[in-house]
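Report on the structure given below.
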Amino acid sequence: SIFGLDAIAAHASGPSPLPSAPRGPRPAAKLAMTLRVAGVRWVLLGVACLSDAAARLPDYAHYRGSSPDEREALSGGGEVARWHAPCGPLEGRPRPGELTERPPTVTRLTLPAGGRFPPEGEAMWLGEDAAYFVMSGAVACEACQGRRTLATGDVFVSNARRPHGPFVAKHGAVVVAVTTSRFDYHTSSPPAPKIMWHMGQRAMQSPHWDPSGMFGLSDLCKRSGGVHQHNWPQMGRLPNVMAVSLNNDCFIPCHQHIGGALYVVVEGAFIVHGDGGWHNTTFHAGDLRWARGGFAYGPEYGGPAPRSRLNVIGMPGAVEPGRCHAHPVR
């Protein structure tokens with residue numbers, strides 16, 4: 001299931017409010033054909049989340065690319081798909097780490113060739129921080145820390161109230177946006193003068209694939225290319241982001257992320273041991289996975305394709321030997 005319901009009851013308890021109404025005005029774009037999933041999902045998720053900030057959270061949440069909670073057709077072509085935040089939005093002023101503190105909201109923008117978002121063709125701003133991941137294709141962006149093209153695997157992060165975009169697909173593109181609450185944008189009355197828009201924004205492109213520095217890589221893993229990564233450190237509220245390339249026959253040992261982590265699978269398959277029991281869970285390109293801070297899991301394996309590529313929001317993992325049980329991939 002999308003949010004690991006098979007294990008939520010075993011890891012957390014307590015009531016949860018139904019999803020709150022969107023903050024601020026609805027998007028200016030006219031969206032049609034909204035298909036909503038029945039509220040049963042929220043009843044099931046209720047055992048996992050409390051409205052109190054000190055409540056226990058689920059250990060993990062899964063966002064399957066094939067199973068959004070809502071689909072909305074854009075009037076100009078393309079689609080907006082949404083996955084709800086199972087524990088509700090964070091309240092209060094945006095702060096570092098909020099995108100990984102609890103399971104976020106995920107929004108997928110599918111744009112045809114020449115398609116744009118927002119449809120008005122203007123820069124947009126949100127009342128909260130947002131991270132964007134280009135999953136396929138490429139988009140031109142007029143205001144993404146300046147004018148640039150974002151290609152597959154690139155990441156763009158913007159603080160709250162900083163206008164950015166629009167995204168214009170060159171030959172069709174898929175972009176995933178991650179926020180703490182429902183993705184609602186504004187195109188009027190920018191809260192900051194244009195000369196300040198690039199402040200509080202960051203585009204992360206063209207990673208330098210440095211060796212991971214991990215010890216104990218097998219000869220088979222080394223022959224297949226090993227494990228490589230590139231780290232963009234946290235800057236103010238802009239989160240730490242890691243690009244990871246995990247070749248076939250390689251693994252990352254048992255670990256946890258202080259403050260939580262969000263995995264975005266860009267290429268290939270990625271296998272994680274320990275979500276909901278001593279078994280493996282496979283994620284494919286287009287899937288996302290959130291892990292609670294302090295939750296130890298692993299190993300993580302590259303799938304059968306030549307390599308797995310993913311982006312991770314969160315601080316680098318802390319190895320936790322002995323807290324996980326290896327489950328070899330056959």
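The Cβ shell under 12 Å around residue 299 holds other residues with a net charge of -1, Lys and Arg each +1, Asp and Glu each -1.
Listed peptides 270-280, 313-323, 78-88 appear in the order 78-88, 270-280, 313-323 once ranked by packing, highest mean of other Cβ atoms within 10 Å at the front. Modelled spin labels at residue 234 and residue 258, positioned 7 Å past Cα toward Cβ, are 0.9 nm from each other. At a 1.4 Å probe, what is the % contribution of carbon and sulfur to the accessible area of the stretch 116-199? The nonpolar share, carbon plus sulfur, comes to 55 percent.
Positive end of the dipole of the stretch 104-186 (Cβ unit charges, origin at the Cα centre): among 145, 172, 109, the Cα lying farthest that way belongs to 172. How would the stretch 259-330 be classified by its alpha-carbon gyration tensor: rounded, prolate or oblate, with rounded meaning a/c under 1.5 and the a/b versus b/c comparison settling the rest? Oblate, because a/c is 1.5 or more while a/b does not exceed b/c. Distance from the C-alpha centroid of the stretch 166-211 to that of the stretch 235-300: 23 Å, rounded to the whole angstrom.
Surface analysis of the stretch 204-275 yields an accessible area of 42 Å² per residue, using protein heavy atoms and a 1.4 Å probe. Taking a Cβ cut-off of under 12 Å around residue 249, the surrounding Lys, Arg, Asp and Glu residues balance to a net charge of +2, with basic ones at +1 and acidic ones at -1. Stretched out straight at 0.36 nm per residue, the stretch from residue 212 to residue 318 would grow longer than its current Cα-Cα span by 36.8 nm.
Our summary of shape: the Cα atoms of the stretch 218-284 have principal axis extents of 40, 30, 20 Å, ordered from largest down, in whole angstrom. Modelled spin labels at residue 189 and residue 171, positioned 7 Å past Cα toward Cβ, are 4.3 nm from each other.
The values are calculated or read from the model by the stated rules, or taken from the named source; none is laboratory data. What you see is a predicted model; the values in this text were computed from it and never measured. Note that we place each Cβ from the backbone using ideal geometry, even for glycine, and neighbour counts take in every protein chain shown. Just so you know, the surface numbers come from the protein's heavy atoms only, side chains and all, with ligands and any DNA or RNA stripped out. Shrake-Rupley method; radii C 1.70, N 1.55, O 1.52, S 1.80 Å.
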